[in-house]
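Only one structure is covered here, and it is reproduced in the block below.
The values are calculated or read from the model by the stated rules, or taken from the named source; none is laboratory data. Only a predicted model underlies this, so the values are computations on that prediction, with no experimental measurement involved. All Cβ positions, glycine included, derive from the backbone under ideal geometry; neighbour counts span all protein chains shown. Just the protein is used for accessible areas: all its heavy atoms, side chains included, with ligands, DNA and RNA removed. Shrake-Rupley method; radii C 1.70, N 1.55, O 1.52, S 1.80 Å.
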Amino acid sequence: MLRTFCQHHVRPSRSLDGCWSFVPDCERTDNGALPKKYTRETLVPSAWEILPGLETFRGQGWMRRRFWCSGERPVRLVFGGVVHTVSVFIDGKKVGKHYDGFVPWDLVVTGLSAGEHELVLEIDNTFGKHSALHVRGDHYSSGGITRPAELQEVPAVFIDKIFATPKLARGKWSLDVRVRLRNVGRKALERRVVVSVAGQTLDLGSATVAGKSTHELTGRVTKLKVKPWSAEKPKLYEIKAELCDGDDVVDDLIDRVGFRQITIKGAQLLLNGEPIRLRGYNRHEFHGHFGQSLPVEVMAGDVQMLKDLGCNFIRTSHYPNDMRMLDLADEMGLYIWEETNSTSVGFKHPKYTEQITACAESMVGWHFNHPSIVIWATLNECDAKTKSGRKEHGRMLQLLRDLDGSRPVTYASCAWKEDACLDLPDIISWNWYEGWYWGSIASIQEGIDTFLAWQDRASKGKGKPVIISEFGAGAFYGYRAPTRIKWTEQYQADALDELLRVYLNHPRIMGTAIWQFNDVRISHEQDWGPRPRCINNKGTVDEFRRRKLAYESVKKRMHEARKRFGR
Ligand code: ADA
């Protein structure tokens, strides 16, 4: 299942998860366009690095399965994530392609006859001119169908997306709703849309949708009697859009909304008018057993651990997350900063603009309704110093605002005093590694005080809310020594204890995201001294979720802050 809940009562949909045949290019013995022989059976979703012999495989792989359709309607294939460049073939004919492993995407195929068909995905996880966002770096770029996939049978005009924005005015909630219809046929067709949410029904009226195009119907649901959503009390409501042809309901889409509004007042972040402080972690989708394709059980376990730690916040470093993770955050209550797939990427890469723009559009388009997402972000540690870098930061932040004006936007900077973009975001976010890459545990307080005093005195970011979007220290799981030196679990525990003592109490800091929740594999092609085992070792838990000593220091500080702050 793509989500943790059922999205259709009317539209037939079937999971494409399960066993697929697979052949990587290093095992191919034929040289036709598509393979004739497949060497392995593998599970979808999964990362191909879990297959014996392919632990560091980077190349092309083909995945094949059969599917059945009724032949009565167009077939829509929806993929939660395929890493990272993919071409799709049905019965040997290319029907579509996609780039970027961290966003959902779909493909509609018309004219398929009733019965069985062959589906083949040609997947490429290599780096190069074709890939601006998946690059070698401090997290791994996997390969394969790493998130769930689904087949739906849709009518020629179907409901593509619901965009719902809750608004709070004078203590009353309303919901602005946009429903996007998509016509994959040639003929213009008239359809009506009815939306229901929290016991209210709103008729959005009818529209004629021209062939091969989309059309949006809009409306506002008022007089809602609803409870607000917050990380502490995550109350969700189902929103359902039904598509009517005369009196018949011919298609539907169900999503969920939470009534919350995130605003900024001076240097504060407000949720439903009340100040909030974000306390939590950067988290990579990675596990020692499963690579970059996490079973939902691991996601749920992570959320439970984060709650146990007293956290209320995750930064989805450094890419859009699996929709099931966002569903769990909605359900169990976590605030999310979600960001585009863009860490230290080069703006001059030939595919950069096209691919990052598409990534932002897909991220906001598919994840729009998650109440847990309270911040959109982009461009982690990219060029924020030069004129051209400033232009690109401005373009991307504006793009996010244009796609959704209801959430603040930011980017995480390591350009510090040379950052030329601080007037552009709503929130200033610093990756700041005092006590690890520079300074010492003893200099943490003075280091941040001096830096933030500069920010508020001399920078264009003065007075804006501040998030310390990365800070931390490395430790090898199991390396304990009375010396408490760097890389021991003790050093990490001491450093996080002091970092959190200072940052969680700092009057200027509205959000803290420790780098990082779990240890994460990095690209093996990256020859980095400080990454033994090809792992970034700054996790509070290791890649198997085994707790390091720092777990207890973090838990103590986070709970203290939660009690002091009152939420
Ligand atoms: C950066 C980067 C992270 C990670 C971190 C580290 O700030 O954003 O992805 O590489 O440093 O561990 O050094």
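Can you tell me what the convex hull of the Cα atoms of the stretch 120-167 projects to on average, as an area in nm²?
The Cα convex hull of the stretch 120-167, projected and averaged over all directions, gives 7.3 nm².
Using a 1.4 Å probe on the protein chains only, how many percent of the accessible area of the stretch 13-153 belongs to carbon and sulfur?
50 percent
How charged is the neighbourhood of L334? Take every other residue with its Cβ under 12 Å from the Cβ of L334, and add Lys/Arg as +1 and Asp/Glu as -1.
On the way: positive: R279, R283, K307, R315; negative: E232, D302, D327, D330, E331, E338.
Residues close to L334 contribute a combined charge of -2.
Report, to the nearest 10°, how far helix 550-565 tilts away from the longest principal axis of the Cα atoms in the chain, using its own Cα long axis and a range of 0 to 90°.
90 degrees
In straight Cα distance, which aspartates and glutamates are under 19 Å from K387, not counting same-chain residues fewer than 8 positions off?
Reachable aspartates and glutamates: E418, D419, D423.
So, with a 1.4 angstrom probe, what is the percent of accessible area on the stretch 157-257 that is carbon and sulfur?
Within the stretch 157-257, the accessible surface is 46 percent carbon and sulfur.
Using only Cα atoms, tell me the angle between helix 323-332 and the longest principal axis of the chain; keep it within 0 to 90° and round to the nearest 10.
With both axes taken from Cα atoms, the answer is about 60 degrees.
Might you tell me the accessible area per residue for the chain, computed with a 1.4 Å probe and given in Å²?
38 Å²
Only Lys, Arg, Asp and Glu count, each charged at its Cβ (+1, +1, -1, -1), so figure out the dipole size of the stretch 376-492 about its Cα centre, rounded to 20 debye.
Numbers: 15 positive and 15 negative charges, 30 e Å.
Roughly 140 debye, rounded to the nearest 20.
Projected onto the charge dipole of the stretch 157-257 (+1 at Lys/Arg Cβ, -1 at Asp/Glu Cβ, origin at the Cα centre), which of S206, L189, A164 gives the Cα projection farthest towards the positive end?
Checked the options; the winner is A164.
A 28 angstrom limit on the alpha carbon distance is what I want to check against. Which of K223/K307; K37/K97; K97/K161; K235/K391; K265/K460; K94/K161 exceed it?
Where the Cα-Cα span goes over 28 Å, the pairs concerned are K223/K307; K235/K391.
What FRET efficiency would be calculated for the residue pair T126, A210, taking the C-beta separation as r and a Förster radius of 41 Å, to the nearest 0.05?
0.55
For S344, what is the net charge nearby, where nearby means another residue's Cβ is under 12 Å from its Cβ and Lys, Arg count +1, Asp, Glu -1?
For residues surrounding S344, the net value is -2.
Could you tell me which residue out of F368, I509, C244 lies farthest along the dipole of the chain toward its positive end? Charges go on the beta carbon: Lys and Arg +1, Asp and Glu -1, centred on the Cα centre.
I509
Taking the Cα centre of the stretch 13-153 as origin, sum charge times position over the Cβ atoms of Lys and Arg (+1) and Asp and Glu (-1), and report the length of that vector in debye to the nearest 20.
Its charge dipole is roughly 240 debye.
Which lysines have a Cα less than 23 Å from the Cα of K486, not counting those fewer than 8 places away in the same chain?
K538, K548, K555, K556
What is the sum of charges, Lys and Arg at +1 and Asp and Glu at -1, for the other residues whose Cβ falls under 12 Å from the Cβ of R546?
-1
Assign unit charges at the C-beta atoms only (+1 for Lys and Arg, -1 for Asp and Glu), then state the dipole size of the chain relative to its Cα centre in Debye, rounded to the nearest 20. Provide the component values of the computation, followed by the final result.
Details: 81 positive and 70 negative charges, 275 e Å.
With Lys and Arg at +1 and Asp and Glu at -1, about 1320 debye.
What's the FRET efficiency of K93 with K307 using the Cβ-Cβ distance as r and R₀ = 60 Å, to the nearest 0.05?
Values: r = 48 Å, r/R0 = 0.80.
According to the calculation, E is roughly 0.80.
Amide H of S131 versus every other amide H placed in the peptide plane: which residues, excluding those fewer than 5 positions away on the same chain, fall under 5 Å?
Here the answer is none, since no amide H 5 or more places off falls under 5 Å of that of S131.
Using 0.36 nm per residue, how much length does the chain from Q398 to K167 gain when fully extended, once their Cα-Cα distance is taken away? List each step's numbers first, then the result.
Numbers: separation 231, 0.36 × 231 = 83.16 nm, distance 2.13 nm.
Full extension from Q398 to K167 adds 81.0 nm.
Using only Cα atoms, tell me the angle between helix 489-503 and the longest principal axis of the chain; keep it within 0 to 90° and round to the nearest 10.
90 degrees
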